[in-house]
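Q: Sending over a structure as structure tokens; questions will come in a sec.
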Amino acid sequence: MKYTALLILLMLSPLAQVTANTDATPQAVNSTQLTLANGDILNGEVLRREEGYLILRHEVLGDIQLAESQLLEPVQAALPTPQTLAENIDLQVPSEAPPPKEQPVLAWFAPDWDRQFDLGISGAEGNSQSRNIHTALSAKTETDALRWQVQMAYDSAEEDGAKSRDEFFAQTERDWLMPGSPRFKFASGRFDWDEFQDWDYRVNVAGGYGYDFVDRATWVLRGKAGLGANREFGGDEDNVSPEGLLEIVSAWSLSEHHKIEFTNTLYPQLDEFGEYRNITSLDWVNKLNGAMRLKIGLINEYDSDIADDIKHNDFKYSTSLSWDF
């Protein structure tokens, strides 16, 4: 028979090898007719070409390795690539991994909170007169059980090549809410560093009770009263001073794009009657788009108990752009 003669020929030839494969193998993609040098014809599908050999898939003989020197004519059909073979045996060729998602700047700061970054021009009239750089970072979050806010700001200025302002503060406030009641408990802390004060840095903490007088979508009015202490480091009075805290906070949304925010915090000293500190801030916020705001801010800090060569009032104003991130 024709196939029997071909088998004998292949077994006697040192350049040909027949390999029967009963396992699942890749589906061939090139069907062609091969004419051997002795005139025999093989119909099959070329799987691949190796050095001087062809691998042919025959429907009866299985996979056959043929030396190209045994062929009467060279094979012209395009041979499958590894990608094509993988697709035909239902394998997925690993694709290039997508590039990592770019994280926004400061993504580490209070994730999942409402966050803002301010950058702008600042000015001051008081212990120093200057106009320079103002930066601020803030974040807040609120649930049914708590309200938390973190703020920090840095101001630096130079005048005629000389530094005229260099200060930083960071503060945090946490309110423990009582669902169904306008009352809440609070705790707060603040750190101040100022090169132009009679101390190096100051720390104060406080805690007490608060009350939401008005809590609407367009207007918030909140009051706090409590006790605390502060300490100035590196100054003439390097000791702990007990003090009270009285604070009023208001935020009024005039429209969808305009908002006014006001805070006044009074710290009366408990160990020296009549001495106190008072910090007042007023901000006008103009919403420019979904993530950017124009902010004009005023801050005044009054301290009744300071050195003779330091002014009681330290007034600052700033104009900045604010971004949500």
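Q: What is the gain in length, in nm to one decimal, between residue 195 and residue 213 on full extension, counting 0.36 nm per residue of separation less the C-alpha to C-alpha distance?
A: Working: separation 18, 0.36 × 18 = 6.48 nm, distance 3.84 nm.
Difference between extended and current length: 2.6 nm.
Q: Multiply the residue gap between residue 42 and residue 140 by 0.36 nm, knock off their C-alpha separation, and tell me the result in nm, one decimal place. Intermediate results must be reported in sequence, preceding the final value.
A: Working: separation 98, 0.36 × 98 = 35.28 nm, distance 7.81 nm.
Extending this stretch completely gives an extra 27.5 nm.
Q: Would you kindly derive the ³J(HN,Hα) couplings of the range 149-158 from the backbone phi angles with the Karplus curve 6.51 cos²θ - 1.76 cosθ + 1.60 (θ = phi - 60°), listing them in order in whole Hz, with x for Gly and Pro?
A: 9, 10, 9, 8, 8, 9, 10, 9, 8, 10
Q: Can I ask one more? Within 10 Å of each residue's Cβ, count the other Cβ atoms and sort 181, 253 from fewest upward.
A: Working: 181 9, 253 17.
Arranged by neighbour count, lowest to highest, 181, 253 become 181, 253.
Q: So, in nm, how far is label residue 296 from label residue 315 when the simple model puts each one 7 Å beyond its Cα toward the Cβ?
A: Distance between label points: 1.5 nm.
Q: Can you give the extra length, in nm with one decimal, that the chain gains between residue 163 and residue 325 once fully stretched, where that is 0.36 nm per residue apart less the Cα-Cα distance? The partial results should precede the final answer.
A: Numbers: separation 162, 0.36 × 162 = 58.32 nm, distance 3.13 nm.
Value of the extension gain: 55.2 nm.
Q: Here is the link list: 140/163; 140/287; 140/259; 259/311; 185/259. Which ones come out longer than 21 Å on Cα distance? Write down the numbers at each step before the final one.
A: Values: 140/163 33 Å; 140/287 18 Å; 140/259 17 Å; 259/311 32 Å; 185/259 26 Å.
Beyond 21 Å: 140/163; 259/311; 185/259.
Q: Where in the range 292-325 is the amide nitrogen less than 18 Å from a point lying 7 Å along the Cα-to-Cβ axis of residue 131?
A: 295-299, 315-321
Every number in this text was worked out from the coordinates using simple rules, so none of it is lab data. Predicted, not measured: the structure shown is a model, and the values here were computed from it. Every residue, glycine as well, gets a Cβ built from its backbone with ideal geometry; the counts of neighbours run over all protein chains shown.
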